[in-house]
1. Out of all the residues in segment 74-105, which are within 15 Å of ligand 1 (Cβ to nearest atom) and open to solvent by less than 40 Å² (accessible area, probe 1.4 Å)?
2. Can you spot a residue in segment 217-224 that is touching a residue at least 60 places away in the same chain (Cβ under 8 Å) and either of a type in the set (Val, Ile, Thr) or buried (at least 24 other Cβ atoms within 10 Å of the Cβ) (or both)?
3. Going residue by residue through segment 63-83, is there one that turns out to be part of a helix (DSSP H, G or I), within 16 Å of ligand 2 (Cβ to nearest atom), under 20 Å from the mean Cα position of the chain (by Cα) and not small (Gly, Ala, Ser)?
4. Note down all Cβ pairs under 7 Å where the first residue falls in segment 51-63 and is under 25 Å from residue 4 (Cβ atoms) and among the polar types (S, T, N, Q), the second is within 11 Å of ligand 1 (Cβ to nearest atom) and at pLDDT 95 or above, and they're at least six residues apart or on different chains.
5. Go over the candidates 201, 190, 167, 197 one by one and state the one that is small (Gly, Ala, Ser), in a loop (DSSP other than H, G, I, E, B) and surrounded by 20 or more Cβ atoms within 10 Å (Cβ to Cβ).
6. Mind listing whichever residues of segment 237-265 are within 18 Å of residue 201 (Cβ to Cβ), among the β-branched types (Val, Ile, Thr) and surrounded by fewer than 19 Cβ atoms within 10 Å (Cβ to Cβ)?
7. For segment 64-71, state whether one or more residues are buried (at least 19 other Cβ atoms within 10 Å of the Cβ), farther than 25 Å from residue 102 by Cα and modelled with pLDDT of 95 or more.
8. Provide a single number: the residues in segment 208-232 that are more than 16 Å from ligand 1 (Cβ to nearest atom) and under 26 Å from residue 154 (Cβ atoms).
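The values are calculated or read from the model by the stated rules, or taken from the named source; none is laboratory data. Keep in mind the model is a prediction, meaning the values are calculated, not measured. Note: ideal-geometry Cβ built from the backbone for every residue, glycine included; neighbour counts use all protein chains shown. For accessibility, only protein heavy atoms count, side chains too; no ligands or nucleic acids. Shrake-Rupley method; radii C 1.70, N 1.55, O 1.52, S 1.80 Å.
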Amino acid sequence: MARIIGGITTSHIPAIGAAISAKRCDDPYWKPFFDAYPIARQWLDTMRPDVAILVYNDHGLNFFLNQMPTFAFGAAEEYHNADEGWGLAPRGPYPGDPALSWHVIEQVMAENFDLTTCQEMLVDHGFTVPMSLLWQDKTPCPVRVIPVAVNTVQHPLASPRRCFQLGQAIGRAVASYPENVRVVVLGTGGLSHQLDGERAGFINRSFDRYCMDKIVNEPEALLDLSIHDLIEQAGSQGVEFIQWLLMRGALSPQVRLVHQNYHIPISNTGSGLMVLESAA
Ligand code: DHB
Ligand code: FE
C-alpha cells in the first residue's frame, strides 16, 4: 500500500532560485539560509520517497485573478515551468504520476471536496524553488510530482481549517492506494510577508515562531484562525501558511520533528523550513 512518510515545509521566494543560479549560496546573506537544507536532503535520501505531493500557490503563471480555482490538482504526465518575469531560467520539466493523481482526486471528491483537475498545468516559482532546494534540479528528477495549487490571492480563500481537512482527506486517499509508493508532502510558501500596500515589508517573527511550534503536534491550535487573522498576523502573502496546514493535515496525528530552521529576512519574508516524519 502507499504510505505518506512525512512532510517538508519551505518558503518559495524567487530570490532563492536566483541565488542558486548565480552560485551565491555561500555569500554571507545566503549562507545561514542554505545551510539549513542539507539535513532536509539527507532525510529525503534516507526516506526515499517515490512521489512528492507539492502544495503551493500559483502567483499568476497558470491561473490569474480572472480564473482562480480554490483547489486545483495536477493530473498530467509532465509539468512545465515558464518565465514569470523574476529573471529565473525555466526549470524542469517534472514527471507526474497521473494514476496516483486520479486516485487521490477521486477519493477526495468522494469526501465532498470539489476540486479543479488539470491535465495541463504550468508550475511557477512556488513549485520550482522548493524542487531546486530539495532535489537540486537533478535530471532525471528523482521523484514524480503531483502539484496541488491553492488559491491564496483572489479572495475569498479557503479557511485554515478547510485546508487542514483537505490534507487529512489526501492522507486517507494515499493510504488507500494499492501500489507500494512512498509519498512525501511538501507545503510551500510563508512564513510572514507582505509584498504590497502600506504594510509592505511586514514580518512577524513571534507569530512565525508560534506557527512553527504549534504545527508539529498541536496543529488544532491554528485551525480556528480566520483568513483575516492570518493576514493581520502574517501579512497579506503570509496567508500562504494555509499550504503548510494542508501539508500537516496529510501526515499522521503525531509526528517527529526531524529538523527546522527560521531565518529572517530572505527578501521580504520570514523564511521557514521544517521536516516532519509521520508515524510508521
Ligand atoms: C517573495 C515571497 C513570496 O512568497 C513570493 O511568492 C514572491 C516574493 C519575497 O519575499 O520577495
Ligand atoms: Fe509566494
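1. 81, 88
2. Applying the first criterion (touching a residue at least 60 places away in the same chain (Cβ under 8 Å)) to segment 217-224 yields 222-224.
From what's left, either of a type in the set (Val, Ile, Thr) or buried (at least 24 other Cβ atoms within 10 Å of the Cβ) (or both): none.
No; the residues of segment 217-224 include none that is touching a residue at least 60 places away in the same chain (Cβ under 8 Å) and either of a type in the set (Val, Ile, Thr) or buried (at least 24 other Cβ atoms within 10 Å of the Cβ) (or both).
3. Filtering segment 63-83 down to residues part of a helix (DSSP H, G or I) leaves none.
For segment 63-83, residues part of a helix (DSSP H, G or I), within 16 Å of ligand 2 (Cβ to nearest atom), under 20 Å from the mean Cα position of the chain (by Cα) and not small (Gly, Ala, Ser): absent.
4. If the second residue must be within 11 Å of ligand 1 (Cβ to nearest atom) and at pLDDT 95 or above, the pairs left are 57/126; 57/152; 57/153; 57/189; 57/240; 57/243.
5. Numbers: 201 fails: surrounded by 20 or more Cβ atoms within 10 Å (Cβ to Cβ); 167 fails: in a loop (DSSP other than H, G, I, E, B); 197 fails: surrounded by 20 or more Cβ atoms within 10 Å (Cβ to Cβ).
It is 190.
6. The answer is 264, and nothing else.
7. Taking every residue of segment 64-71 in turn, none turns out to be buried (at least 19 other Cβ atoms within 10 Å of the Cβ), farther than 25 Å from residue 102 by Cα and modelled with pLDDT of 95 or more.
8. Within segment 208-232, the subset more than 16 Å from ligand 1 (Cβ to nearest atom) is 209-210, 212-229, 232.
Still in the list and also under 26 Å from residue 154 (Cβ atoms): 215, 219, 222-229, 232.
Number of matching residues: 11.
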